[in-house]
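The values are calculated or read from the model by the stated rules, or taken from the named source; none is laboratory data. Worth saying up front: this structure is predicted, and the values here are computed from it rather than measured. Neighbour counts run over all protein chains shown; Cβ positions are idealised from the backbone, glycine included. The area values use the complete protein model at the heavy-atom level, side chains included, leaving out ligands, DNA and RNA. Shrake-Rupley method; radii C 1.70, N 1.55, O 1.52, S 1.80 Å.
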Amino acid sequence: MRRAVCPGSFDPVTNGHLDIISRANRLYDEVIVAVLVNQSKAGLFTVDERIEMLREVTASYPNVRVESFQGLLVDFCKASDCSVVVKGLRAVSDFDYELQMAQMNLELAGVETLFMTTNPLYSFLSSSLIKDVAKWGGDVSAHVPEVVVARLRQRLADEAGEAGEPGGARGGSEAGGAGGVT
Ligand code: ADP
């Protein structure tokens, strides 16, 4: 069976992620979406919540399954009997770091990385930008699935309620919550 892993934080899943997952799904018998558990960085959504959203939005793809992993991606690949990682490339700025990781993963365990160029419709999309825009009341409904719009609205309202300010204590921003966006 030809299998590929699509790894990432998916905090939360965007239409850009979904585009890569669905295209990988056409090329492989099975695609494992692997959500990174990062102990040192709290996300806006818990890993379980991210998995729930991913499962919901990939439900129409019978060959896609969603799991979490911690530690080395190559160890997860090995345990999943998979030697291909598929990643999306948005812009040149993604390339340097992705190239290093790809070369390290090949060196460590013979795991190949295939890069898919982003659909230009989604080249500016990242989870962190979505969170920042949503935090300040912007409409993200064209960029994330409906279930994510609803979850974002709920989470940000809860946090704002807790902290008495837009975005609340965690703020939902990985960019440091600097204030304005774009
Ligand atoms: P981010 O938090 O930057 O959105 P993730 O770590 O969740 O990214 O990304 C997981 C994978 O999805 C990575 O390979 C990343 O390059 C890819 N990806 C993220 N957003 C897009 C997009 N808009 N178009 C194509 N690939 C993307």
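Across bins of 5 angstrom width beginning at 0, how are the C-alpha pair distances of the range 1-154 distributed, in whole percent?
Here the calculated profile for the range 1-154 is 2, 9, 19, 22, 23, 16, 7, 2, 1, 0.
I need the shape label for the range 19-87. Rule: rounded when a/c is under 1.5, else prolate if a/b > b/c, else oblate, with a, b, c from the alpha carbon gyration tensor.
Oblate, since a/c reaches 1.5 and b/c is not below a/b.
Largest first, how would Thr117, Thr46, Thr14 line up by accessible area (1.4 Å probe)?
On the way: Thr117 95, Thr46 75, Thr14 5 Å².
Descending accessible area places them as Thr117, Thr46, Thr14.
At 7 Å along Cα-to-Cβ for each site, give me the label-to-label distance between Ala109 and Asn38 in nm.
1.9
Pick out which of Ala134, Ala42, Ala142 has the largest mean-square fluctuation in a Gaussian network model of the chain, springs linking Cα atoms closer than 10 Å.
Result: Ala142 has the largest fluctuation of those listed.
Name the trypsin sites (Lys or Arg not before Pro) in the range 1-74 that are in a loop by DSSP and that have at most 11 other C-beta atoms within 10 Å, would you?
Passing sites in the range 1-74 are Arg2, Lys41.
Excluding Ser68 itself, calculate the net charge of residues whose Cβ lies under 9 Å from the Cβ of Ser68, where each Lys or Arg counts +1 and each Asp or Glu counts -1.
Overall, the nearby charge balance is -1.
Show me the helices of the chain, taken as full DSSP H stretches, that run 24 Å or more along their long axis by Cα and average -1.0 or above in Kyte-Doolittle hydropathy.
92-109, 146-163
Across the range 102-163, what fraction of all alpha-carbon pairs, as a whole percent, falls in each successive 5 Å bin from zero upward?
Bin by bin from 0 Å, the calculated values are 3, 15, 20, 14, 11, 10, 10, 10, 6, 1.
Can you list the HN-Hα couplings for the range 115-123, worked out from phi with the Karplus curve (6.51, -1.76, 1.60; θ = phi - 60°), rounded to whole Hz and with x for Gly and Pro?
9, 10, 6, 5, 5, x, 4, 10, 5
Could you please tell me the mean projected area of the C-alpha convex hull for the range 1-43, averaged over all directions and given in square nanometres to one decimal?
Numbers: hull surface 12.6 nm².
If I average the Cα hull's projected area over directions, I get 3.1 nm².
Highest GNM mean-square fluctuation, the chain, Cα pairs closer than 10 Å: which of Ser80, Ser127, Ser93?
Evaluated over the chain, the most mobile residue of the options is Ser93.
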